[in-house]
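Notes follow once the structure below has been shown.
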Amino acid sequence: VELAHLWQGRAVLPLPSVGSLSQIKPSDYFDSTMNVVDLNVIEFRNNGVIDSLTHAPAPAIFLSNLEREFARAKRLAHPELSTHSQTESKWTDSHISIISLRWEPPKIIESADCEYIEAQMVAMARSIVKLLRGDEFFSRISETGYWVFVHGNSASASSFSERILEQPQVNHAEWSSTAIEWSRGISLHTWIRHVDEIHFMEAGSRALGHKR
């Protein structure tokens, strides 16, 4: 399936207010008698433009923007093959990365109420928006995860993710992150598949570990 079949218009809307997210504690929602929360009951839907819970751009918007930045990075990596002006962006480095952010709480709160989990999703979205630079973007890609596109290599992206996790409204102990840099010569589809495998396979392995 071509990515173009998924793309739609771009929109940027304010994130919802959920009060003082920094004051929310796992104990506010944790019940030791609960079973592991069913991720299917966590609000996760979009209208093709924005996520209903966090107002983060929908995955289709992320893919559309990614295609644009990927093409720009390829032109910068191979200027001799490009017929486009190199002055279209402030970015002059061909290094680009995607950060996979996943909510992976310690066992003590693995049975957290879905309301608490949803609050964490909103808190993370607010933190990401606060730090994004021009031509960088993100999307809520799963019930409990985000992808963030950034300019720079994996080291730069890892540093960026650390700044996100240091935001006061985010409980960094409950999140994990992986920076995946684009390698020259790799197609966009291959890169996305690689990021997808890391995001969902690592999250799945974590979940299986909790069940043991």
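Let's test the formula: R0 of 22 Å, r as the Cβ-Cβ distance of ARG45 and GLU197. What FRET efficiency results, to the nearest 0.05?
Computed FRET efficiency for ARG45 and GLU197 comes out at 0.40.
Which length gain, in nm to one decimal place, applies between HIS189 and ALA155 when the Cα-Cα distance is subtracted from 0.36 nm times their residue separation?
Here the answer is 10.0 nm.
Compare MET121, MET201 by solvent-accessible area with a 1.4 Å probe and give them largest first, with all protein chains kept in place.
MET201, MET121
Each label point is 7 Å from the Cα along the Cα-to-Cβ direction; what then is the distance between the points at GLU67 and VAL129, in nm?
2.6
The values are calculated or read from the model by the stated rules, or taken from the named source; none is laboratory data. Values in this document were obtained by computation on a predicted structure and should not be read as measured data. Cβ: placed from backbone, ideal geometry, glycine included. Neighbour counts: every protein chain shown. Heavy atoms of the whole protein, side chains included, go into the accessibility calculation; ligands, DNA and RNA do not. Shrake-Rupley method; radii C 1.70, N 1.55, O 1.52, S 1.80 Å.
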